[in-house]
Amino acid sequence: MDLDPVASFRAFATRDVRLDGQLFGGVVTTGIYCRPVCPARKPRPENVRFFSSAAAAQLAGFRPCLRCRPEAAPELGAWNGTANTVSRALALIDLGALDNGDMQALAGRLGVGERHLRRLFQEHLGASPVAVAQTRRLHMARRLIRETGLSMSEVALASGFGSLRRFNEAFRAACGRTPSSLRRRPGAEAGLSDGVTLRLAYRPPYDWPRMLDFFAQRQVEGVERIDGQAYVRTLTVAGAAGVVRVEPGRGDTLSASLWFPDLRVLPRVLAQIRRVFDLALDPEPVRAHLGEDPELRALVARHPGLRAPGAWDGFETAVRAILGQQVTVVAARGLASRLAANHGAHIDTEPARRFGLGRLFPGPDRLAGLDPESLPMPRARGRALAAIARLAREDAQLFAPGQDLEGAVDRLSSLPGVGAWTAQYIAMRALREPDAFPHSDLALLRAAADPEGRRPTPEALLARAEAWRPWRAYAAAHLWAKDADAASPRKGPAE
């Protein structure tokens, strides 16, 4: 990816926060690479090389700065202008697609050849997929060293290295120093038993109250709850059951506390948190584009930090969307709570008891054998739920990202009990498609009514939404916020 050196240096000279996480500068005289917001004295322009990713700077032989900490920069957004294939590959890498270094499998999931995928990464990020994954592992390790009291062997395991020896070698090669030299609190006693707490950066503004309200309206009893200004839930990742707590942190960060018995799942849990709370978004392009629409301008101004809430699990999202068809948000929440109480596995750990949680949301293995007649819902819906569970049990990638929006919606719509609304909703929440738009949603139709209260038809709303591409999911979030502000819980996006 070609970068204009004059414009790039100007961003560093002015410490332009808008490019934080999207631009890195390597200083040839020191061998260090920095973020645009680095407080260090700026070098001479001829001594700086610019890169579009930390992996590219690392690959060129530069070491990460200890002052601005590139690992603490906002994550590279999945929709910040890179090719769609690269964006989807990054999402899959975040979820562990290259933990075993299987490039061929990653390319296959994206429907491209391995050589073509490497070429796309080189063009847009200046580094190969494997180099990007390696840099992310090292950044994860640096954060764990500086922000937690995990031992070095625990840090190595949690950041995806197979052994402490390999971790030490990779760290020395990339950073030019030992891992323990970064520890601010030598001998820190807080370990996994006390949880791991990390700060996750975002680009401001961020409307946390609105995000919290969205999850509060849909919380499943025993599985998730609102604890003051924090969101807490149980979660299963790669077979490991644990607890996640997310709340506002210092500055432009969220604070995420994790309690899991297997350290190896921590990177995947953090990736899920970033997706659920939409932390990779650069809100300025979205605000600028949607603000051009006279019908959305006031809504965008009212909630400039609004994000599109994600989902923890594709299968869970599909189940809750099916439960929510043709019922109110409150009724759907009740059905999901009963399903979890009757069929969710128990979790009896100290963190779960501390927050009043005791269930995991049931996975496909638990729901695949259900008798639809025993479920408190119409028989057709119960049969659809059981069929979805059987399919998800047979295909672990059924709800995984990796296709474009049209392909994902077509695939989802072919599943039993999944219509156009449900498919678009799953694509928006679970697959994190920024242009997904469930145009037949009742809450969207209410919010899009004219001043006389006349609602558009779904077809008319879909036609109007053409001007909102490629950010229709965020337009939907603003319309849902308008509907929530205007009335008590009614029929709407009931997951």
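The values are calculated or read from the model by the stated rules, or taken from the named source; none is laboratory data. It should be emphasised that the depicted structure is a prediction, and the values quoted were computed from it without experimental measurement. Cβ atoms come from the backbone with ideal geometry, glycine included; neighbour counts cover every protein chain shown.
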Collect the residues in region 398-416 that are in contact (Cβ under 8 Å) with a residue 40 or more places away in the chain, over 13 Å from Phe315 (Cβ atoms) and of a type outside the set (S, T, N, Q), keeping them in residue-number order. Pro401, Gly402, Asp404
Could you figure out which of (1) under 30 Å from Ala447 (Cβ atoms); (2) in contact (Cβ under 8 Å) with a residue 12 or more places away in the chain; (3) surrounded by fewer than 18 Cβ atoms within 10 Å (Cβ to Cβ) isn't true of Ala341? (1)
So which helices (runs of 4 or more DSSP H) stay within region 93-151 end to end and still have 1 or more residues that are crowded, with 22+ Cβ neighbours inside 10 Å and among the hydroxyl-bearing types (Ser, Thr, Tyr)? 129-147
Subset of region 415-455 (residues that are among the aliphatic types (A, V, I, L, M) and out of contact with any helix residue (DSSP H, G or I) (no Cβ under 8 Å at 6 or more places or on another chain)): Leu442, Ala449
Spot the failing condition for Arg264; the list is (1) closer than 20 Å to Arg464 by Cβ; (2) in contact (Cβ under 8 Å) with a residue 60 or more places away in the chain; (3) not in a loop (DSSP other than H, G, I, E, B), and only one is missed. (1)
Pairs where the first residue, in region 129-147, is within 13 Å of Glu71 (Cβ to Cβ) and the second is of a type in the set (Val, Ile, Thr), C-beta under 7 Å, 6+ apart: Ala141/Val155; Leu144/Val155; Ile145/Val155
Specify the residue that is surrounded by the most Cβ atoms within 10 Å (Cβ to Cβ); the eligible residues are those in region 270-288 that are modelled with pLDDT of 95 or more and assigned to a helix (DSSP H, G or I). Val276
May I ask you to list the residues in region 389-422 that are over 21 Å from Ala368 (Cβ atoms) and within 19 Å of the chain's Cα centre (by Cα)? Pro401, Gly402, Gln403, Asp404, Leu405, Ala408
In region 320-335, what count of residues is obtained for those that are touching a Pro at 6+ places or on another chain (Cβ under 8 Å) and assigned to a helix (DSSP H, G or I)? 3
Of all residues in region 180-224 being assigned to a strand (DSSP E or B) and crowded, with 18+ Cβ neighbours inside 10 Å, the one that is modelled with the highest pLDDT: Glu224
Flag for Pro39 being outside any helix (DSSP H, G or I) and more than 20 Å from the chain's Cα centre (by Cα): yes
Being in contact with a helix residue (DSSP H, G or I) (Cβ under 7 Å, 6 or more places away or on another chain) and under 30 Å from Leu258 (Cβ atoms), is that true of even one residue in region 372-384? no
Of the residues in region 1-21, those that are in a helix (DSSP H, G or I) and either within 19 Å of Arg41 (Cα to Cα) or in contact with a Ser or Thr (Cβ under 8 Å, 6 or more places away or on another chain) (or both) number 11
First in region 24-45 and farther than 20 Å from Pro74 by Cβ and touching a residue at least 60 places away in the same chain (Cβ under 8 Å), second anywhere and of a type in the set (Phe, Trp, Tyr) and surrounded by 23 or more Cβ atoms within 10 Å (Cβ to Cβ), Cβ under 9 Å, 6 or more apart: Gly31/Phe62
For region 448-478, enumerate the residues that are in contact with a Phe, Trp or Tyr (Cβ under 7 Å, 6 or more places away or on another chain) and small (Gly, Ala, Ser). Ala465, Ala473, Ala475, Ala476
Taking the residues in region 36-61 that are out of contact with any helix residue (DSSP H, G or I) (no Cβ under 6 Å at 6 or more places or on another chain) and of a type in the set (D, E, K, R) as candidates, determine which candidate is surrounded by the fewest Cβ atoms within 10 Å (Cβ to Cβ). Arg41
For region 273-285, check the following and say yes or no: at least one residue is of a type in the set (Phe, Trp, Tyr) and in contact (Cβ under 8 Å) with a residue 40 or more places away in the chain. yes
Mind checking which residues of region 368-396 are in a loop (DSSP other than H, G, I, E, B), of a type in the set (D, E, K, R) and exposed (fewer than 11 other Cβ atoms within 10 Å of the Cβ)? Asp371
Go through Asp435, Asp441 for me and flag whichever is over 20 Å from the mean Cα position of the chain (by Cα), closer than 27 Å to Leu479 by Cβ, crowded, with 19+ Cβ neighbours inside 10 Å and of a type in the set (D, E, K, R). Asp441
